[in-house]
Structure formats: C-alpha cells, structure tokens
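Structure first, commentary second.
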Amino acid sequence: RSSFARNLRRAAELSLIPDERILEIYNALRPYRSTKKQLLEIADELETIYNAKVNSEFVREAAEVYEKRNRLLPD
C-alpha cells in the first residue's frame, strides 16, 4: 500500500501545477532533452513554488540516473 499511497501523493501534488507546465516538465524528462542543471532547476521549482516534494525528489533521481546512463544533453 505504500507504493499506492506515494502515487496518490504525487498525483495530488501535480494537480496544483498548471497543465502546460506539467507538459513542459514531461518533455524535459525525456532522454537527451535536458542538461542535469536544467533538471535540477525543475526539481527546485517543483519544491519551492509548488511545494511538490515527492515530484521534486523524482526529478532529482531522474537527473542522477540519466547522468549515469549518459542520457543528458551536454552542459
């Protein structure tokens, strides 16, 4: 049930973010679309502006994984 609860928290956070911004973030999270710095800036935005802590952690984790797998744009 903890996974289900986490998914609900993530969805609740996203409901407070404008749809257009969610689409921009979605596209930024696709491989080879962003630099690590850009993804970390998105994570900071999610946490500070929208108080979306679960989603900001997700983006930070994606930035680390993409870096390890060479899926980022060069700086």
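Results, tabulated for the structure shown:
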{"item": "Dipole magnitude (debye, nearest 20) for the range 1-68, charges at Cβ of Lys, Arg, Asp, Glu", "result": "320 debye"}
{"item": "Range in the chain, longest, excluding exposed trypsin sites (Lys or Arg not before Pro) [loop by DSSP; at most 14 other beta-carbon atoms within 10 Å]", "result": "2-68"}
{"item": "Top of Ala52, Ala28, Ala12 by mean-square fluctuation, Gaussian network on the chain, Cα under 10 Å", "result": "Ala12"}
{"item": "Of all accessible heavy-atom area on the chain, the percent that carbon and sulfur account for (1.4 Å)", "result": "52 percent"}
{"item": "Rounded D (µm²/s) - the chain, Kirkwood Rh over Cα pairs, Stokes-Einstein at 25 °C, 0.890 mPa s", "result": "194 µm²/s"}
{"item": "Solvent-accessible area per residue for the range 12-75 (1.4 angstrom probe, square angstrom)", "result": "68 Å²"}
{"item": "5 angstrom amide H check on Ala52, placed H, neighbours 5+ away", "result": "Glu47"}
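The values are calculated or read from the model by the stated rules, or taken from the named source; none is laboratory data. Please read all numbers here as calculations on a predicted model, not as lab measurements. Cβ sites come from the backbone with ideal geometry, for glycine too, and all protein chains shown count toward neighbours. The protein model used for the area step is the full one, side chains on, heavy atoms only, and it has no ligands, DNA or RNA in it. Shrake-Rupley method; radii C 1.70, N 1.55, O 1.52, S 1.80 Å.
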